[in-house]
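Undergrad: Below you will find the structure I want to go over with you.
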Amino acid sequence: MPSKSNRPMTTLSASCIAVLCLLLAACSGGYYTSKVNGEKKVYRVDEQGTKTLVYETNSDGHTTIHDSQDVMAKQQVAAQETAEQARVKKAAMLESLGSIPKRQPQDPIYVSLAPPVLDGKMQQAEKPKGAVAQQIHNEFASDPIIKLVAGNQARAGLKNPRATPSIADVEVSSKVSIKEVYGMNRQTGKLGKMVAVVFEATITSQVPPALYTVSESGNILQNVEVSKRFAQQVKQVIVEKIGPDIPAN
């Protein structure tokens, strides 16, 4: 019986708290945003709880300003102008790239391959030291199209005014970590924990602008095979996705 009498009191308390929160919001004023079917409307709410429409954005991304003097409206206009400038700049760059001759399929692609960053567990497990970086390096060094070159020293943080920019078409940075993951045991067919090595890479091209990420993981005891699959993924992105649009040297 006591449990039955407590439930209405709990509901009443929750309702009172919700009403109180609404009253506090109305008293303090602020902004209210409504999003329905891809349309966004931003209202200014005064201390009496009265809503005034500031601006609205339809499902196509077109924004209509209703109060140009409002702070939120000014911020929205500034954000739109910045986005439009970026769009125009990117369009102009892509247009100029369209008239530049592209490299031929057998032309080399110059790649800056940064040494991988190892997490604490991987640093302890790596034997000998530098083995992971060497394994990845070997996979790229043996590629007939990819040519490894030094990276941009200035970008790497070396304050040398005489440092020359890298000639790299593509820059690759990676990290390697050891994690416990759940996986299917091929022998038992059951789900269980496994210590896995995880390779992750960020692949960046400045001309044309492009950024890709890839990852590969597998049993820590098969780290060499996993690193080979990882390197193959990265090389595939460089040669097949970025390579065809790189300007001819």
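The values are calculated or read from the model by the stated rules, or taken from the named source; none is laboratory data. Remember, it's a predicted structure, so these values are computed and weren't measured experimentally. Every residue, glycine as well, gets a Cβ built from its backbone with ideal geometry; the counts of neighbours run over all protein chains shown. Areas reflect the complete protein model, heavy atoms only, side chains present, ligands, DNA and RNA absent. Shrake-Rupley method; radii C 1.70, N 1.55, O 1.52, S 1.80 Å.
Undergrad: Here are the criteria: (1) open to solvent by 60 Å² or more (accessible area, probe 1.4 Å); (2) assigned to a helix (DSSP H, G or I); (3) at pLDDT 50 or above. Tell me which single one ARG44 does not satisfy.
TA: (2)
Undergrad: Separate question: Can you pull out every residue in region 28-41 that is among the basic types (Lys, Arg) and either surrounded by 11 or more Cβ atoms within 10 Å (Cβ to Cβ) or touching a residue at least 40 places away in the same chain (Cβ under 8 Å) (or both)? Write out each step before concluding.
TA: Pass one, region 28-41, residues among the basic types (Lys, Arg): 35, 40-41.
Within region 28-41, LYS40, LYS41 meet the criteria.
Undergrad: Something else about it: Of all residues in region 105-138 being in a strand (DSSP E or B) and over 30 Å from ASN249 (Cα atoms), which is most open to solvent (accessible area, probe 1.4 Å)? First the steps, then the outcome.
TA: Just the residues of region 105-138 that are in a strand (DSSP E or B), to begin with: 109-113, 117-118.
Subset that is over 30 Å from ASN249 (Cα atoms): 117-118.
Working: VAL117: 97, LEU118: 30 Å².
Result: VAL117.
Undergrad: Tell me, yes or no, whether region 117-135 has at least one residue that is within 22 Å of ASP245 (Cβ to Cβ) and at pLDDT 85 or above.
TA: Within region 117-135, not a single residue is within 22 Å of ASP245 (Cβ to Cβ) and at pLDDT 85 or above.
Undergrad: ALA91: modelled with pLDDT under 90, among the small types (Gly, Ala, Ser) and surrounded by 14 or more Cβ atoms within 10 Å (Cβ to Cβ), yes or no?
TA: no
Undergrad: Scan region 47-66 for residues that are over 21 Å from ALA78 (Cβ atoms) and open to solvent by 60 Å² or more (accessible area, probe 1.4 Å) and report the count.
TA: Qualifying residue count, region 47-66: 5.
Undergrad: Kindly establish whether ALA141 is open to solvent by 50 Å² or more (accessible area, probe 1.4 Å) and modelled with pLDDT of 90 or more.
TA: Yes; evaluated as a whole, the condition is true for this residue.
Undergrad: Give just the number: which of (1) under 24 Å from the mean Cα position of the chain (by Cα); (2) under 30 Å from PRO208 (Cα atoms); (3) at pLDDT 90 or above; (4) of a type outside the set (A, V, I, L, M, F, W, C) does GLY61 not satisfy?
TA: The failed condition is (3).
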